[in-house]
Amino acid sequence: MYYDRQKLEELEDQSLAPYGVRSKNSKGREHGGSEPAYRTAFQRDRDRILHTTAFRRLEYKTQVFFNYEGDYFRTRLTHTLEVAQIGRTLARALGGNEDLTESICLAHDLGHPAFGHSGEVALNRLMRDHNGFDHNKQSVRIVTKLEERYPNFPGLNLSWEVREGMVKHESEYDISDASEFDPELHGNLETQIANVADELAYTAHDLDDGLRSGMITPAQLEGIALWEILAEKYQWRGPVLDDITRHRFIRHLVGIEVSDVVEATEKRLMELNVDSPLAIQKLPFNLLAHSEDMTRRNRELKDFLYSKLYRHPRVVRMAVKAERIIGNLFNAYLDEPAILPAHVQGLAEKRGLERTICDYIAGMTDRYAVDEQGKLFDPLIKP
């Protein structure tokens, strides 16, 4: 016996809450096509995302620390996997569709360029006269236009719901543009889960990497409410935080954050008595969120990370280098397009030279961009 798609869809009906999105109710794909016999629509979407070139490249793209700074710091790929894990946990606890949630989580950062947010800032500045650059929009371009894996259509031909979830991705650093996806509606539960999972993951795990790097210290964290909760939990006091204790702290931090989201959201669900995915989307606010107390604590921790980690001299120096590399590459290609690879040159007539260069650079990994800088500007390195 095996579970065909019909059986899997029946299991969704049995396990999902009334407001969870059913794959059988998907609005479909832009380019049509039949669904597989033994996967739901959203399971197929997840698999297509996992097999993309853009997803593999995330392994060598910056989260906070540049890829070549150390093997133990998080990359854009490990961050994405951690977001997906937290997203699935939240979806399971709240009766949402795990496969849809996971698909949105796995795709949410596909459009990040080399050097993370520093690369994005540089590209947006360079493209200011050509509609700018935004990694959210680039993620959507990748799955709808740039990935070339099928003979009959560009992109991945993902379901409407996954594309809507990507378009409506929102966080402190991400602003959605849902003009083509019912902009008057909020994201569904699964989209909102992906948004919260993203912020939860990068806050907790950037704290972990910051401590590991030595750029932030336990002494600096004294008085931060969430840190004091962790220290009290494990009865820890002292200037040195060993690796095991640090792991316990971060693990517990993620745990209490997830529990708070689940409990606060469950309370709102009960109060509002929502009974369908559309009912959640029609609310004038995002349903999925932390409690007021946890929101205040998170704000305090985020402000600390911004001032002590993201603005640390070592991080800022590397960001300046990254923006300079991106600018050098962009201007070199613009001044002499003939130095672009032949297959990239061939795209310029259709997309425009500036956008073609932008797409090419956005697809680079950290180390590829550094190597390319050397090939273009160091006379001792063969081009």
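The numbers here are math on the coordinates, done by the rules we state, and not lab data. The model shown is predicted, which means the values in this text are computed figures rather than measured ones. Note: ideal-geometry Cβ built from the backbone for every residue, glycine included; neighbour counts use all protein chains shown.
Dipole magnitude of the chain about its Cα centre, charges +1 at Lys/Arg Cβ and -1 at Asp/Glu Cβ only, in debye to the nearest 20?
I would put it at about 760 debye.
Would you kindly derive the ³J(HN,Hα) couplings of the stretch 97-108 from the backbone phi angles with the Karplus curve 6.51 cos²θ - 1.76 cosθ + 1.60 (θ = phi - 60°), listing them in order in whole Hz, with x for Gly and Pro?
Result, rounded to whole Hz: 7, 4, 5, 5, 4, 4, 4, 5, 4, 5, 9, 5.
Between their Cα atoms, which of K7/K282; K168/K308; K145/K350; K27/K282; K137/K168; K27/K267 are more than 20 Å away from each other?
Cα-Cα > 20 Å for K7/K282; K168/K308; K27/K267; rest within.
For F115, list long-range residues whose amide hydrogen, built 1.01 Å from N in the peptide plane, is under 5 Å from its own amide hydrogen.
Correct list: T62, D366.
For the stretch 143-160, what does the Karplus curve 6.51 cos²θ - 1.76 cosθ + 1.60, with θ = phi - 60°, yield as ³J(HN,Hα) per residue in whole Hz, taken in order and with x for Gly and Pro?
7, 10, 9, 7, 5, 10, 10, 10, x, 9, 7, x, x, 10, 6, 6, 5, 4
Work through the residues other than D13 whose Cβ is under 15 Å from its Cβ and net out their charges, Lys, Arg +1 and Asp, Glu -1.
Numbers: positive: R5, K7, R22, K24; negative: D4, E9, E10, E12, E98, D99, D275.
That works out to -3.
Mind listing the phi-derived Karplus ³J(HN,Hα) values for the stretch 319-329, rounded to whole Hz, using 6.51, -1.76 and 1.60 with θ = phi - 60°, and x for any glycine or proline?
5, 5, 4, 4, 4, 5, 4, 4, x, 4, 5
If you filter the stretch 266-350 for chymotrypsin sites (Phe, Trp or Tyr not before Pro), then keep DSSP loop positions with at most 15 other Cβ within 10 Å, what is left?
F285
For the stretch 316-377, what relative contact order do you get, as a whole percent, if you take Cα pairs closer than 8 Å and at least 6 residues apart?
About 39 percent, as a whole number.
Using only DSSP helix segments of four residues or longer, with each worth -39500 (n - 2.57), what per-residue ellipticity at 222 nm results for the chain after dividing by its residue count and rounding to 500? It would help to have the intermediate numbers written out before the result.
Values: 19 runs with 221 residues, N = 383.
Result for the chain: -18000 deg cm²/dmol, rounded to the nearest 500.
Show which aspartates and glutamates lie in cross-link reach of K375 when reach means a straight Cα distance below 19 angstrom and same-chain residues fewer than eight apart are skipped.
Leaving aside aspartates and glutamates fewer than 8 places away in the same chain, those within reach of K375 are E323, D335, E336, D366.
Of N152, N195, N124, which has the largest mean-square fluctuation in a 10 Å C-alpha GNM of the chain?
N152
What's the longest bit of the chain with no exposed trypsin sites (Lys or Arg not before Pro), using DSSP loop states and at most 15 other Cβ atoms within 10 Å as the test?
Here the longest run is 28-127.
Among V83, A17, Q373, whose Cα projects farthest towards the positive end of the dipole of the chain, with charges put on the beta-carbon of Lys, Arg (+1) and Asp, Glu (-1)?
Farthest along the dipole direction, towards plus: Q373.
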